[in-house]
Structures are given as C-alpha cells and as structure tokens.
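**Q** Just dropping this structure here.
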Amino acid sequence: MTDDKSAKIESLRREAAECRACPLWKNATQTVFGEGPADADIIFVGEQPGDREDRVGRPFVGPAGLMFDRALAEAGIDRNRTYVTNAVKHFKFERRGKLRLHKKPNAGEINVCKRWLMSEIDVLKPRLIVALGATAAQSLAGRPVAIGRNRGETLTLANGLRGFVTVHPSSLLRLPDEGEKQAAYALFVEDLRAIGEFAAESAPAGAPGAFARARGSLP
Ligand code: URA
C-alpha cells in the first residue's frame with residue numbers, strides 16, 4: 001500500500017516536472033514537488049518554492065525552511081515523518097539586479113497548480129493537512145482565508161480530510177522587532193504542538209464535506 005502510494009507520488013513528480021499549465025515554469029529552474037514518506041500522517045503546505053528551493057529542487061530548504069525545521073523540532077514533530085509541499089510548484093520572482101525577489105502567486109496561478117496539490121493529498125490521504133499561510137489556505141479552501149482569524153482552527157476539507165491553518169514561517173522572518181519575532185515564533189511552535197497532538201489522536205476522516213468549520217470558524 002505504502003509502495004503503491006510512493007509509486008503514485010513518483011509518477012506525479014515526473015508529470016509535474018513537465019508542467020507548462022501556467023507561465024511560471026519559464027523563469028523557474030525546475031518544478032519543486034513535495035517530499036516525504038508516503039505514510040505521513042501530516043502534510044504541510046507552504047506557498048511556493050523560494051530562491052534556494054528553486055535551485056535545490058526541494059521544498060523548505062532555505063531560510064524559512066530552517067526556521068520551520070527548528071520550530072518542528074521544538075514541537076516534537078519529526079519532519080522526516082511528514083510530507084512537505086507547496087500550493088504552487090514553481091518559484092515566482094522579480095529580478096532586481098542579481099537578486100531574485102519573491103513575488104506572491106496570483107489566484108489564477110494558485111488555481112492552476114491546485115491539481116498537483118490535490119493529487120498529492122488524494123494519494124497520501126494523511127490524517128491532517130496544514131496550511132502554512134494564506135496562499136496554502138486559499139488553495140485548500142478555494143477562496144481567500146484570513147489567517148489571523150482562522151489560525152489554530154481544525155477544518156474539514158472538501159475531500160473529507162482534516163485541515164489546520166497557521167502562519168507561514170517566512171512571516172516570522174519578516175518581523176522587524178526581535179521581541180515580536182520571539183513571541184510570534186513561540187505561538188507558531190504552540191500551533192505545531194497542537195498539530196502534532198491532533199494528528200496523533202485523529203483517525204482519517206472519510207465523508208465528503210466542504211472546507212468548513214469543524215472547530216472554530218472560517219469567514
Ligand atoms: N516558502 C514556501 O512557502 N515554501 C518553500 O518551499 C520555501 C519557502
């Protein structure tokens with residue numbers, strides 16, 4: 001069963017490497033597909049690969065990834081037991097001299113790329129899907145989601161699986177004040193702890209539903 005899932009993920013990865021469904025592939029180095037064991041209980045969904053991820057070809061290996069790894073370890077979650085992916089599989093950026101500055105993917109790009117994320121979820125059927133930030137939440141919900149108001153909520157996704165919304169680790173990196181950064185980091189670790197506990201306790205859900213509230217609320 002796990003071998004079967006792994007084979008399906010590898011086949012999706014090969015297919016996605018050739019994806020030309022939106023123009024983002026043109027400037028990106030490569031498609032950055034998700035990674036992790038096929039029997040992972042938790043899928044973490046970020047926004048899109050950053051500069052480093054685009055060069056290396058793996059999700060969350062740059063500065064945001066390092067912070068994410070540290071927070072996961074503090075929360076007692078082994079990243080190697082989770083599947084980590086992104087809502088959009090190509091790096092979108094703007095050139096500024098030698099720099100490649102991150103640009104937020106638009107609704108069209110999120111929507112076009114959603115087929116890959118949904119396929120990953122469909123194959124893996126994890127216990128919990130975690131949206132890291134607004135782009136991931138929008139992809140999973142099919143509409144904009146206010147992170148501030150929905151953070152920490154467990155939700156039922158359209159495929160009946162469980163979802164959880166928290167902040168994107170790069171939002172912590174952007175905070176200018178060190179005290180604020182530490183406080184935001186502590187909250188992020190708290191969310192991850194809740195995620196770990198929830199995934200350990202919950203059984204995979206089966207019934208179809210909407211990306212609707214299971215505990216807490218969406219606007
Ligand atoms: N930010 C993301 O959302 N995903 C990555 O893979 C890296 C940074």
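**Q** Take Asn27 and tell me if it is modelled with pLDDT of 95 or more, over 22 Å from Pro144 (Cα atoms) and among the polar types (S, T, N, Q). Outline the logic, then answer.
**A** Numbers: modelled with pLDDT of 95 or more: yes; over 22 Å from Pro144 (Cα atoms): yes; among the polar types (S, T, N, Q): yes.
The answer is yes for Asn27.
**Q** Looking at region 34-46, which of the residues that are in a loop (DSSP other than H, G, I, E, B) and open to solvent by less than 20 Å² (accessible area, probe 1.4 Å) is nearest to the ligand (Cβ to nearest atom)? I'd like the intermediate steps shown before the answer.
**A** Step one: list which residues in region 34-46 are in a loop (DSSP other than H, G, I, E, B), which gives 34, 36-41.
Those left that are additionally open to solvent by less than 20 Å² (accessible area, probe 1.4 Å): 34, 38, 40.
On the way: Gly34: 9, Ala38: 19, Ala40: 16 Å.
This residue is Gly34.
**Q** Given region 49-145, what strands (runs of 3 or more DSSP E) lie entirely inside it while holding 1 or more residues that are modelled with pLDDT of 95 or more, within 11 Å of the ligand (Cβ to nearest atom) and buried (at least 22 other Cβ atoms within 10 Å of the Cβ)?
**A** Working: elements: 83-86, 93-96, 99-102, 128-132.
Once the strands (runs of 3 or more DSSP E) in region 49-145 are filtered for at least 1 residues that are modelled with pLDDT of 95 or more, within 11 Å of the ligand (Cβ to nearest atom) and buried (at least 22 other Cβ atoms within 10 Å of the Cβ), what remains is 83-86, 128-132.
**Q** Pairs please, first residue from region 2-20 and within 19 Å of Arg81 (Cβ to Cβ), second anywhere and basic (Lys, Arg) and open to solvent by 90 Å² or more (accessible area, probe 1.4 Å), Cβ atoms under 9 Å, 6+ apart in sequence or on different chains.
**A** What qualifies is Lys5/Lys125.
**Q** Only residues that are outside any loop (DSSP other than H, G, I, E, B) and open to solvent by 60 Å² or more (accessible area, probe 1.4 Å): list them for region 157-180, please.
**A** Step one: filter region 157-180 for residues outside any loop (DSSP other than H, G, I, E, B), giving 162-166, 169-173, 178-180.
Of everything in region 157-180, those that are outside any loop (DSSP other than H, G, I, E, B) and open to solvent by 60 Å² or more (accessible area, probe 1.4 Å) turn out to be Leu173, Glu178, Glu180.
The values are calculated or read from the model by the stated rules, or taken from the named source; none is laboratory data. Treat the numbers as computed from the prediction; the structure is a model and nothing was measured. Reconstructed Cβ throughout: ideal geometry from the backbone, glycine too, with neighbour counts over all protein chains shown. Keep in mind that these areas ignore ligands, DNA and RNA; they rest on the heavy atoms of the full protein, side chains included. Shrake-Rupley method; radii C 1.70, N 1.55, O 1.52, S 1.80 Å.
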